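First the structure, in the form of structure tokens, and then the observations on it.
The values are calculated or read from the model by the stated rules, or taken from the named source; none is laboratory data. Note that this is a predicted model, so its numbers are computed, not measured. Reconstructed Cβ throughout: ideal geometry from the backbone, glycine too, with neighbour counts over all protein chains shown.
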Amino acid sequence: MDPTRLQGKNILITGAARGMGAANAEAFAAQGANLCIADLDGDEAAKMAERINAAGNGKAIAVTCDVTRREDNAAAVAATVEAFGSINVGLFNAGLNKPRFFMDIDEDNWDMIMTVNTKAMWLGMQEVARQMIAQGPMADHPYKLVNVGSIASRKPLVDVTVYCTSKYGCLALTHCGALGLAEHNITVNGYAPGVVVTPLWEQLDKDLVDIGFKQKAGQAYEDIVRDALQIKRVSYPEDITGTASFLVSDDSDYMTGQMIHIDGGWCIQ
């Protein structure tokens, strides 16, 4: 890993206290980036920032952030700028899931998932882009917004209708954001994981048993690996960091409006 690849990148990451967000934060820091770890769990975000600073390459600050609130997103942007002088990358990773069969979806389930996964992404994109526009265009490279999508925007899944809908929204925000922000020299791309062993997936595995969709813990992993994946294993956060690093680096300067799938081949069948 090149310890200088991301030097000069000031990156805000939402939902970065654990899981994929944390893995990306550590990978970016190892490549020289400065990071704002924004998470609803401020204590865990602070611990992540401490680990990054102790490692001694990139620098990090932590911000307690409810991504569903515009003022929290704006505060996270302001903290990034105060700490590092500017912001040139936003990565919107925060998300959740709570499975329901189609006829069991209620308004609380719908509102919770759509608000965290889609509305919050839109709010974060706007607030980061607002700061980028105020800074003026960079001389040599575009600013970058990176959205975390999902296989669920390409593969309808019977047990997570609202999650699928929310991730279709992430895909639309990536496409429409790329169109709407191009004039400001801001690119918008994303990546779409499949099955990643994180706290979110571990909770989902339990929830699928609770609603009777799976009979035992771990069955969801087993069934998907057997029936859907061409690479016959689940993935881990470390399988995602390479693509994420590419998208926040200068190597992706001539891309916008793209969603890269990191799904073990799920989409091709």
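Could you grab the pairs with beta carbons closer than 7 Å, sequence gap of 6+ or different chains, first residue in the range 27-42 and closer than 17 Å to G85 by Cβ, second one in a strand (DSSP E or B) and among the basic types (K, R)?
Once the first residue is closer than 17 Å to G85 by Cβ and sits in the range 27-42, its partners that are in a strand (DSSP E or B) and among the basic types (K, R) give N34/K59.
Just the residues that are touching a residue at least 60 places away in the same chain (Cβ under 8 Å) and under 21 Å from M114 (Cα atoms), please, taken from the range 128-146.
V128, V146
List every residue pair whose Cβ atoms sit under 9 Å apart, with the two residues 6 or more apart in sequence or on different chains, where the first one lies in the range 2-21 and is assigned to a strand (DSSP E or B) and the second, anywhere, is surrounded by fewer than 18 Cβ atoms within 10 Å (Cβ to Cβ).
N10/V81; N10/A83; N10/G85; N10/S86
Matching residues to (1) at pLDDT 95 or above; (2) within 13 Å of L91 (Cα to Cα); (3) out of contact with any Cys (no Cβ under 7 Å at 6 or more places or on another chain):
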site: A22; (1), (2), (3): yes, yes, yes
site: A27; (1), (2), (3): yes, no, yes
site: I37; (1), (2), (3): yes, yes, yes
site: L40; (1), (2), (3): yes, no, no
site: I52; (1), (2), (3): yes, no, yes
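Please state which one of E222, E202, E183 is within 30 Å of M132 (Cα to Cα), out of contact with any strand residue (DSSP E or B) (no Cβ under 8 Å at 6 or more places or on another chain) and not in a loop (DSSP other than H, G, I, E, B).
E183
Here are the criteria: (1) free of Cβ contacts under 8 Å to residues at least 60 places away in the same chain; (2) not in a helix (DSSP H, G or I). Tell me which single one T115 does not satisfy.
That leaves (2) as the condition not met.
Give me the residue from the range 109-125 that is of a type outside the set (V, I, T) and more than 16 Å from A38 (Cα to Cα) and, out of that set, surrounded by the fewest Cβ atoms within 10 Å (Cβ to Cβ).
So the first thing to find is which residues in the range 109-125 are of a type outside the set (V, I, T), and the list is 109-112, 114, 117, 119-125.
Those left that are additionally more than 16 Å from A38 (Cα to Cα): 109-112, 114, 119.
Values: N109: 16, W110: 15, D111: 12, M112: 17, M114: 16, K119: 17.
Here the answer is D111.
Given the criterion farther than 19 Å from T118 by Cα, buried (at least 16 other Cβ atoms within 10 Å of the Cβ) and out of contact with any Gly (no Cβ under 6 Å at 6 or more places or on another chain), identify the matching residue among D205, D159. Before the answer, list the steps.
Numbers: D159 fails: farther than 19 Å from T118 by Cα.
None of the other options fit; the residue is D205.
Starting from the range 168-192, take each residue that is closer than 19 Å to N97 by Cα and list its partners that are of a type in the set (D, E, K, R), counting only C-beta distances under 7 angstrom and pairs at least six apart or across chains.
A192/D263
Among the residues of the range 32-79, count how many are farther than 23 Å from D2 by Cβ, part of a helix (DSSP H, G or I) and of a type outside the set (D, E, K, R).
10
So S249 fits all but one of (1) closer than 28 Å to G177 by Cβ; (2) touching a helix residue (DSSP H, G or I) at 6+ places or on another chain (Cβ under 8 Å); (3) not acidic (D, E); what number is the exception?
(2)
When you go through K144, K167 one by one, which is the residue that is more than 30 Å from D223 (Cβ to Cβ), among the charged types (D, E, K, R) and modelled with pLDDT of 95 or more?
Of K144, K167, the one residue that is more than 30 Å from D223 (Cβ to Cβ), among the charged types (D, E, K, R) and modelled with pLDDT of 95 or more is K144.
What is the number of the single condition among (1) β-branched (V, I, T); (2) modelled with pLDDT under 95; (3) within 13 Å of Y191 (Cα to Cα) that V234 does not meet?
Result: V234 passes all but (3).
Pull up the range 76-103, narrow it to residues that are among the hydrophobic types (A, V, I, L, M, F, W, C) and over 21 Å from the mean Cα position of the chain (by Cα), then point me to the one that is farthest from V128 (Cα to Cα). Full working, then the answer.
At the first step, the residues of the range 76-103 found to be among the hydrophobic types (A, V, I, L, M, F, W, C) are 76-79, 81, 83-84, 87, 89, 91-92, 94, 96, 101-103.
Checking which are over 21 Å from the mean Cα position of the chain (by Cα) leaves us with 83-84, 101-103.
On the way: A83: 15, F84: 14, F101: 35, F102: 35, M103: 37 Å.
Step by step, filter the range 76-103, then rank; the result is M103.
Do we find that V89 is out of contact with any Cys (no Cβ under 8 Å at 6 or more places or on another chain), touching a residue at least 40 places away in the same chain (Cβ under 8 Å) and farther than 21 Å from A244 by Cα in this structure? Write out each step before concluding.
On the way: out of contact with any Cys (no Cβ under 8 Å at 6 or more places or on another chain): yes; touching a residue at least 40 places away in the same chain (Cβ under 8 Å): yes; farther than 21 Å from A244 by Cα: no.
The answer is no for V89.
Of a type in the set (D, E, K, R), touching a residue at least 12 places away in the same chain (Cβ under 8 Å) and surrounded by 14 or more Cβ atoms within 10 Å (Cβ to Cβ), is that true of D253?
Details: of a type in the set (D, E, K, R): yes; touching a residue at least 12 places away in the same chain (Cβ under 8 Å): yes; surrounded by 14 or more Cβ atoms within 10 Å (Cβ to Cβ): no.
When the stated conditions are applied, D253 does not pass them.
Taking Y168 as meeting all but one of (1) of a type in the set (F, W, Y); (2) in contact with a strand residue (DSSP E or B) (Cβ under 9 Å, 6 or more places away or on another chain); (3) more than 22 Å from P199 (Cβ to Cβ), write down the number of the exception.
(2)
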